[in-house]
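The values are calculated or read from the model by the stated rules, or taken from the named source; none is laboratory data. All values reported here derive from a predicted model rather than from experimental measurement. FYI the Cβ positions are ideal-geometry reconstructions off the backbone, even for glycines, and counts take in every protein chain you see. SASA here: full protein model, heavy atoms, side chains in, ligands and nucleic acids out. Shrake-Rupley method; radii C 1.70, N 1.55, O 1.52, S 1.80 Å.
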2 protein chains.
Amino acid sequence: MPGCFCGSDWSVLIPMDKADYIIASYLLETDGDLEEAADALATEQSTGTWTDVPGEGEARERHGARVVKVTKQGERDRPSLPTRFAPQGEAPTARTYSWGVAEIAFPHINFGPRLPNLLSAVAGNLFEMGAFTAVKLLDLELPDEFLSRFPGPRFGIEGTRELLGVFDRPLAGAIVKPCVGLGPRELADIVYQAARGGLDFIKDDELLADPAYNPLEDRVDAVMEALGRAEQETGEKTMYAFNVTDRSDRILELHDIVVDGGGTCVMLNYVTAGFGALRMLAEHTRVPIHAHRDFFPAFTRSPSLGLSTKVFTKLSRIAGADQLHIGALAGKLYETDDEVLENVAACMADLDGLKRSMPVSSGGQHAGKVPLTWRKMGHPDYLHLSGGGVFGHPDGPEAGARSIRQAIAATSESRRLEDAAQDQVELRRAIEYFGEVLY
Amino acid sequence: MPGCFCGSDWSVLIPMDKADYIIASYLLETDGDLEEAADALATEQSTGTWTDVPGEGEARERHGARVVKVTKQGERDRPSLPTRFAPQGEAPTARTYSWGVAEIAFPHINFGPRLPNLLSAVAGNLFEMGAFTAVKLLDLELPDEFLSRFPGPRFGIEGTRELLGVFDRPLAGAIVKPCVGLGPRELADIVYQAARGGLDFIKDDELLADPAYNPLEDRVDAVMEALGRAEQETGEKTMYAFNVTDRSDRILELHDIVVDGGGTCVMLNYVTAGFGALRMLAEHTRVPIHAHRDFFPAFTRSPSLGLSTKVFTKLSRIAGADQLHIGALAGKLYETDDEVLENVAACMADLDGLKRSMPVSSGGQHAGKVPLTWRKMGHPDYLHLSGGGVFGHPDGPEAGARSIRQAIAATSESRRLEDAAQDQVELRRAIEYFGEVLY
C-alpha cells in the first residue's frame, strides 16, 4: 500500500522531519479494510489523483499526507453512520464494519498558518466519503514550527486577570438574562445591580449582538456608564463582553465601536462567525476576546462524526480566544465531566509558548456549584459563569452576584457553603432556591 | 404550558404576523415530554430567564420564540445521542425516548438579516442541551420580509451562463487533479489541455488556496494566460475558479488579486471560512462565487444532530453562492440521490426573487454519469464537475474533457453513449476506463 507505514513508529521508519508535519488522529470505521481506508483518506486530502503528471513523484514526496499508524479496535455488525451504500434503517447485512484509530501526517506546507485551510485539509471532504461509516478527528499534534506562526490569545488568563486586578481566585461572572428584548437602559440597569453585587465579569447573551431594538453603540454607552457608577461604589472593576458577532466585514467595525466607547471586552460567536473571523479579530483587538462556542456541538456531539471537543478547544485557543467556553462540570449540558476537563487541559497545556485561554465554566451554574467546580478544576484559573444563577436569584441580581462571591470566598477558606450561609443571607437563599451544594 | 400552542394551526390561532417570524422545524428526541422539550428550546433560544424583570411581559410578547406545532412520531428504548444523563454504551434503562418534529417560530427582529446571528438563534446552544438526545434542524421557512434584506447570488445560473455564452446544456467542468504540490506553471499546463478539450469551467482543488509553493497571484497569471491561448484555438471560453479561502480579512484581498489579474471566478471554502465570510464576499465580488462546502457533513451527516443538507443549501444560497455544491447523483459521497435532489430543489426554488444558485454535481463524476444525472435533475441547469473523470482519463486531460462534452452532446440528442462512442474515441476510452454508463 503506497504511502502507508501502518503499525510503525513513524519517527524512526519514515524519512521525514517531524517539524514539517501535523499529525491528525481519526476514528475511522469502514466495511472495507481499515488500512486501505486510512490510505484513501490521506490521498484524498492531499495529492489525490488518478493520473500521471510530470514531476508528480517529487510533489507527492513533499506534499503527500502519510499514514503513520493504524490501530484496529473492533468490529460492528452495522454502520455507525448512514451512507448511500449502507442506508439507515435497513436490516444489518452480513457485512462487518471495522473501526479503529488512524494517525495521518499532513505536510503543513500544503496550507500554511491559516485555520480555514488547515480545517479543509484535516477536516474537509473526508466527512462525506461514502466509504467511511464513522469518521471523527480526535486530536491534532501541531509542531512548534507551525504554532509559532499564530499569535494566539493576546491577553489570555494573565491579561484578563491584570485588567481586573484579581489574581488568586476564580472570576465570578454572569450572562445577562433575559437579554433578548431588553433595550440598552433596561439592560444597563440589571448590569449595574449585578456589578454592585461584586461580579468580575458580565456578558451579553449570544443571542444579542447589534439588533435594531438594542444597538451596540447605545448599549456600550449605557453599560459602561452603569459599570462606572458601580465601580465608584464597590471599588472593584467589572469587565463586560459586548457581542460583536456579525458578517465578517462588520466584526472589526463593531469591535471599534466597543473600544471607542470605553468597552473592556468583546465577545464573538466564533463558530457561526467562523474560525477565520476569530483569528482576524485576535490580530486586531485591543481588549480580550470572549469566545462563545454556540453551534459547535452540531459537529462534536456525535461519537462517530466531526471533531472531538478537545481538538475544537485547541484550535479555538490557537485562533486567539482569550476566554473560552469549556462546558460545565455537573452542568446541564451534554458533555461528561471528563470531556469538560479535557477541554480545560486544552486551554492550559503548553503550546509553544502561546498564552493560555481562560476556561469559562458555563451551563447551569450557581453558587452551589462553586466547590465542586473548583475542586475538579484543581486550580482557580477559570471564570465561573452563571446565567439564572445570578439574574434568577430570588432576591435579584445584586443578591445573586453576592451569593457567588460568598461561595468563592468560603471555598477559598475551605469552609462548607452551608456553614458560610449561616450568616450570609444571599448565599443561604441561593442554596435554598437552586438546590443542593455539590462538593 | 406558556407559549406553546401545540398541535394547532398557528396562522389561525396565534395572534402574530407571519411576516415577523422564521419558522424552524426540528427533529427532537427526549426522555421527557416532547412538548415541554420544544417549549424549553423556544425559551432557551429567545427570552429564556428565571427571573422577573420590569417590562418583561411585553418583551416576551415581541421577542419570544413560540412553539407552533409538535408532532410526536415514535419512541425509542435508547438515546440516539449520548449525554451526561444517558451515557453511550450503558445498558438501556427502563426509560423511553420520545421523538418527533417541532415547529418553532422565531421573531427575526431578534437577530436581523445576519446569518451568523440567525444561526446562533435557530442552531446555537440548543445542540448542547443535555435534555435532548436528538436535535436536528430540518427546515427553515423564511418570510419575504426577511429574505428581501439579503442580496443573494449576484450572478447565479443566468449570470454564469451569460459569462460563458452557453445556455442550453449542462456545463462541463473539472477540478484540477492533482492540485496540491503543483507550481503555477505545471498547473497551468494541465489546465490548458483540459480547456482545449472543451471544458466550460475549471477550478482549484479546495486544498489549494494561496500557499508559498503556488502563490495565488502567480497562479492567476499562469492560468489566465493558458486559458487565453486555449480560447484562441477553440473559440470557447473557460471560466476558472480561484480559491480565495483564508482568514476573513484576507479573503477580499485575494478576491482583488484574482479580479485584477483577469480572473473570472472565485472559490470559497465557505464552511471552514464561515457563512459570514461568504456573505461578505458576495457583497463585494465582481465575478461569480463558486461555493465549496467541505467540512459541512460534520454537522449534517448524523441523522440525529445538526442541520439537514436542505437547510444548509438554502442558507448557502441566501448567503450569495452563485455556484453551489449539492453532492452527486450515483456518486461516491454519502448522500442518497433523494437528498441530493432536495439540495438541487433548494438551489432552484422560488425565494422572494433571489437568483438561483447553479447546482454543482461533484463526487465521482465522469462521462458515463452524464445521462443519469441529467435525467434525474430534469433540467440542464447544472455544472457537471469531474476530477479524475477528466484529469485521470487514460489519454490525458484534453481527451478527458472531450469525453464529457461528447457525453453531453449525445445525451442532448437522446443518443445512448455507447452508440456515440462508436466514432468518438475519447468517449469510448472513458467508458472502458471508468466503467458502465448509467441511465
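For B:E103, the criteria (1) acidic (D, E); (2) part of a helix (DSSP H, G or I); (3) closer than 30 Å to B:E36 by Cβ hold in every case but one, which is (2). Restricting attention to region A:317-371, the residues that are closer than 19 Å to A:L268 by Cα, in a helix (DSSP H, G or I) and within 14 Å of chain B (Cβ to nearest Cβ) add up to 3. In the condition set (1) over 29 Å from the mean Cα position of the chain (by Cα); (2) touching a residue at least 12 places away in the same chain (Cβ under 8 Å); (3) open to solvent by 10 Å² or more (accessible area, probe 1.4 Å), B:T238 is compliant with all but (1). When every residue of region A:115-128 is checked against the conditions, none turns out to be open to solvent by 10 Å² or more (accessible area, probe 1.4 Å) and not in a helix (DSSP H, G or I).
For (1) modelled with pLDDT of 95 or more; (2) outside any loop (DSSP other than H, G, I, E, B), each residue gets a yes or a no:
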{"residue": "A:G198", "(1), (2)": "yes, no"}
{"residue": "A:E231", "(1), (2)": "yes, yes"}
{"residue": "A:T272", "(1), (2)": "no, yes"}
{"residue": "A:R279", "(1), (2)": "no, yes"}
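Can you pull out every residue in region B:214-254 that is farther than 20 Å from A:G112 by Cβ and within 14 Å of chain A (Cβ to nearest Cβ)? Scanning region B:214-254 gives no hits.
Checking each residue in region A:255-271 for being charged (D, E, K, R) and away from chain B (no Cβ under 14 Å) picks out only A:D260. Across region A:256-273, the number of residues qualifying as buried (at least 21 other Cβ atoms within 10 Å of the Cβ), under 14 Å from A:A241 (Cβ atoms) and either in contact with a His (Cβ under 7 Å, 6 or more places away or on another chain) or not β-branched (V, I, T) (or both) comes to 7.
Here A:R286 meets each of (1) more than 10 Å from chain B (Cβ to nearest Cβ); (2) out of contact with any His (no Cβ under 9 Å at 6 or more places or on another chain); (3) open to solvent by 10 Å² or more (accessible area, probe 1.4 Å); (4) not small (G, A, S) with one exception, condition (2).
Every residue, every condition in (1) under 19 Å from B:V360 (Cα atoms); (2) at pLDDT below 95, yes or no:
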site: B:T234; (1), (2): no, no
site: B:H325; (1), (2): yes, no
site: B:E335; (1), (2): yes, yes
site: B:D338; (1), (2): yes, yes
site: B:E342; (1), (2): yes, no
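Just one of the listed residues (A:G57, A:G48) is at pLDDT below 75 and either in contact with a Ser or Thr (Cβ under 6 Å, 6 or more places away or on another chain) or within 19 Å of A:V122 (Cβ to Cβ) (or both), and it is A:G48. For region A:129-144, which positions are more than 30 Å from A:P82 (Cα to Cα) and either in contact with a Pro (Cβ under 6 Å, 6 or more places away or on another chain) or surrounded by fewer than 16 Cβ atoms within 10 Å (Cβ to Cβ) (or both)? Selection gives A:D144 alone. Residues being closer than 30 Å to B:R279 by Cα, open to solvent by 40 Å² or more (accessible area, probe 1.4 Å) and either away from chain B (no Cβ under 13 Å) or touching a Ser or Thr at 6+ places or on another chain (Cβ under 6 Å) (or both) are entirely absent from region A:180-200.
Residues in region A:158-171 that are open to solvent by 10 Å² or more (accessible area, probe 1.4 Å) and closer than 21 Å to A:H366 by Cβ: A:V166, A:R169. Here A:D200 does not fit the description of being farther than 24 Å from B:F295 by Cβ and touching a Pro at 6+ places or on another chain (Cβ under 7 Å). Here A:R402 meets the list (1) away from every other protein chain (no Cβ under 12 Å); (2) open to solvent by less than 20 Å² (accessible area, probe 1.4 Å); (3) closer than 19 Å to A:Y240 by Cα almost entirely, failing just condition (2).
The number of residues in region B:22-45 that are of a type in the set (D, E, K, R), surrounded by fewer than 22 Cβ atoms within 10 Å (Cβ to Cβ) and outside any helix (DSSP H, G or I) comes to 2.
Scan region A:372-388 for residues that are open to solvent by 10 Å² or more (accessible area, probe 1.4 Å) and either of a type in the set (V, I, T) or modelled with pLDDT of 95 or more (or both) and jot them down. Across region A:372-388, the qualifying residues are A:L372, A:W374, A:R375, A:K376, A:M377, A:G378, A:H379, A:P380, A:D381. Here A:A291 clears all of (1) surrounded by 24 or more Cβ atoms within 10 Å (Cβ to Cβ); (2) more than 9 Å from every other protein chain (Cβ to nearest Cβ); (3) over 12 Å from the mean Cα position of the chain (by Cα) except the condition numbered (3).
Contact map, region B:401-416: first residue farther than 16 Å from B:G173 by Cβ, second residue basic (K, R) and open to solvent by 10 Å² or more (accessible area, probe 1.4 Å), Cβ cut-off under 6 Å, separation 6 or more or different chains; pairs are B:S412/B:R169.
Per this entry, B:L208 is not counted among residues that are out of contact with any Ser or Thr (no Cβ under 9 Å at 6 or more places or on another chain), open to solvent by less than 10 Å² (accessible area, probe 1.4 Å) and either over 26 Å from A:G276 (Cα atoms) or small (G, A, S) (or both). Being within 14 Å of chain A (Cβ to nearest Cβ), open to solvent by 10 Å² or more (accessible area, probe 1.4 Å) and not in a helix (DSSP H, G or I) is a description that does not apply to B:A174.
Within region B:279-330, being in contact with a strand residue (DSSP E or B) (Cβ under 9 Å, 6 or more places away or on another chain) and among the acidic types (D, E) holds for B:D294, B:D322. Does any residue of region B:5-14 turn out to be modelled with pLDDT of 50 or more and within 30 Å of B:L351 (Cα to Cα)? Yes.
Per the conditions (1) open to solvent by less than 10 Å² (accessible area, probe 1.4 Å); (2) assigned to a helix (DSSP H, G or I); (3) facing another protein chain (nearest Cβ under 7 Å), the sole criterion not satisfied by A:G306 is (2).
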